[in-house]
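Encoded as structure tokens, the structure appears first; notes follow it.
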Amino acid sequence: MATSILRLPLRLSLTNMGLMSRGTGSKTPNISRLTQSRTAVSTGSGAILPKPDKTPFGLIRMTIVVVPFLYVGTLISKNFAALLEEHDIFVPEDDDDDD
């Protein structure tokens with residue numbers, strides 16, 4: 001199953017290379033002649049949609065979100081470091097600087 005999935009892109013690339021290297025017929029590969037349209041900016045009839053409403057994401061909102069999560073993260077890491085040190089799993093060494 002996995003081998004057939006891995007071989008599919010190889011087979012497709014070899015087929016595309018074969019189409020382009022033969023030199024017979026048209027120079028473009030087989031691409032559908034359908035017109036592509038982005039429905040996010042236009043309706044089905046082709047009319048351009050109005051700009052979407054922007055939600056202002058000010059500095060105050062960003063601060064209200066970021067600061068509490070930074071504080072909770074520091075509390076978690078502080079408590080976990082104390083737990084590791086208590087069980088002698090990780091004890092930081094005090095290196096004396098002999099300058």
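The values are calculated or read from the model by the stated rules, or taken from the named source; none is laboratory data. What you see is a predicted model; the values in this text were computed from it and never measured. Virtual Cβ from ideal backbone geometry, glycine too; neighbours counted across all protein chains shown. Side chains included, ligands, DNA and RNA excluded: accessible areas come from the protein's heavy atoms. Shrake-Rupley method; radii C 1.70, N 1.55, O 1.52, S 1.80 Å.
Taken together, the criteria exclude Ile48 from residues that are under 30 Å from Phe90 (Cα atoms), of a type in the set (A, V, I, L, M, F, W, C) and without any contact (Cβ under 8 Å) to a residue 40 or more places away in the chain. Checking each residue in region 42-85 for being touching a strand residue (DSSP E or B) at 6+ places or on another chain (Cβ under 8 Å) and either charged (D, E, K, R) or open to solvent by 80 Å² or more (accessible area, probe 1.4 Å) (or both) picks out only Ile48.
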